[in-house]
Amino acid sequence: MTQSRITAILTVVAFAAAMWVIEVLDFLANGAFDQTFGLRAWQTDAPWTVLTAPFMHAGFEHLMSNTVPFLVLGSLVALGGLSRFIWTTLIVMVVSGVGVWLFSSPGTLTVGASGLVFGYFGYTVLRGIVERRTVDIVIMISVIIFYGTLIWGVLPQQTGISWQAHLFGFIGGLLSAYVLPRTETPRPITRGPEYGSPGYYG
């Protein structure tokens, strides 16, 4: 599990690095990447942009505002291991992307990792309740203390900010926390005649 966690955290870092590389290339290409890989509401010719739009950003300021919470919250999700992180990310991408596609004005271009940020936020909050393990509860409380104000981002507030990505990303995170299998806690094996010493099984 430790190796899986390390790999998952490195994957989070790699995703963030990829966002920066892509943004540099997009800057050099005068925004061509956003136009090609961003998600356009109600257009059916590029459904795969649900998975690529989170890696695009509308400038370096936009990217910088997403990078730190992405790394922090993504790493907290990654503590559950690589498989859990990947599945959570995919679920959040799809739920957030579909929500944006359905509830944004037709033709609206949406880019950015904020849907993932809100998804990771929702995941870490609900996971503490679902798992009821000390570590998950501590993570939940810490996330609420430091990032609790994120919840206001699911409401329409500012023109040009996709509350749809925030809201449905958050919902995707809650869904991930609920549907993904609970982490099994090793239980002590009762000593019996056939055992030389107590042990654990998972």
Determine, yes or no, whether Val98 is over 16 Å from Ser75 (Cα atoms), hydrophobic (A, V, I, L, M, F, W, C) and modelled with pLDDT of 95 or more. yes
Report, by residue number, each residue of segment 57-77 that is under 13 Å from Ala18 (Cβ atoms) and touching an Asp or Glu at 6+ places or on another chain (Cβ under 7 Å). His57, Leu63
Considering only residues that are of a type in the set (Gly, Ala, Ser) and farther than 19 Å from Trp87 by Cα, look in segment 145-184 and name the one that is farthest from the chain's Cα centre (by Cα). Gly160
Considering only segment 27-83, give the helices (runs of 4 or more DSSP H) lying wholly within it that have at least 3 residues that are open to solvent by 60 Å² or more (accessible area, probe 1.4 Å) and either of a type outside the set (A, V, I, L, M) or in contact (Cβ under 8 Å) with a residue 12 or more places away in the chain (or both). 32-37, 60-78
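The values are calculated or read from the model by the stated rules, or taken from the named source; none is laboratory data. The model shown is predicted, which means the values in this text are computed figures rather than measured ones. Note that we place each Cβ from the backbone using ideal geometry, even for glycine, and neighbour counts take in every protein chain shown. Heads up: the accessible areas ignore ligands, DNA and RNA and are worked out on the full protein's heavy atoms, side chains in. Shrake-Rupley method; radii C 1.70, N 1.55, O 1.52, S 1.80 Å.
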